[in-house]
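Worksheet for the structure shown next.
Just so it is clear, none of the values below were taken in a lab; they were calculated from the coordinates. Keep in mind that this is a model prediction, so the values were computed, not measured. Cβ placement follows ideal geometry from the backbone for every residue including glycine, while neighbour counts extend to all protein chains displayed.
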Amino acid sequence: MLDCVKGLSADFISVAYNPGRLVRMDSRTTAYAVQQRTGTDVVFTLATRDMNKIAMGSQLLGAQTLGLENVVVVQGDRLTERETEHGASAVDDFTATGLIASIAAMNNGLDYRGGKLGAPTEFCIGATLDLARGADAEAGLAHRKVEAGADFFISQPIYDAAQRERFLERYQARTGEELLQPVFWGLQVLERDGVLLSDTPTRVLEELENGKPGTDIAIETLRAFMDAGVRGIYLVPPILKGGARDYEAAQRVLASI
């Protein structure tokens, strides 16, 4: 099932990459820069919040021309009060599921209007999971994304492999079938007073508060995941206040494998 994601079928996907001096660039351009500099396969994101249907189509066709084949569809964070005060507004012509379906249609040679493209695209389509919304609700949404054309998933960070098992069990109970699409389970390297991407257990927050390094917590969590049979990890480096990332900390976690 993961054949379409070239280079991402190894046991562990590496680090969510966002180099500081490229931080204001769009994901597609950043992904291309990383690909050119490192020679590795990359994944870029598209947020339904950011562009209308016409711009989405242009971005995707441009990505295809650049040789970018792996895309993850997200809704995008809500705009901040400061952003809206300066005139920014969310677009959301698509829902996330709707954009997945539109990209799948492009792979079949059709644009968002149903018109024929010059040639079909060849995207491997990723979707997101957020188990904080509840296993039952997320199982239903994940199934709709699969039906729309999702080829793989990445999850928001989790801290207990049992969360994964509960979700997969609920998915099968609700749909009558196993989730066959690969999932890269989120693992965030935490930093005291850093930015948290998902609900974090009290015990983990207490460990951080008492001085335990976030890298140690991540390594312990990673080993627990591996013992539970988890083979795909989406590793998020520490996010510091202001948005900077600590990639050296992420490298230390990777080096522990």
Handout entry: Fewest-first ranking of K241, K212, using other Cβ atoms within 10 Å as the exposure measure
Key = K241, K212
Practice task
Quote the FRET efficiency, to the nearest 0.05, computed for A162 versus E122 with a Förster distance R0 of 45 Å and r equal to the Cβ-Cβ distance.
Solution key: 0.75
Handout entry: Convex hull volume of region 123-200 per residue (C-alpha atoms, cubic angstrom)
Key = 91 Å³
Problem - Contour excess over end-to-end distance, with Cα ends at A255 and I54 and 0.36 nm allotted per residue - result: 68.1 nm
Problem - GluC sites (Glu not before Pro) lying in DSSP loop within region 98-201, provided at most 14 other Cβ fall within 10 Å - result: E122, E177, E178
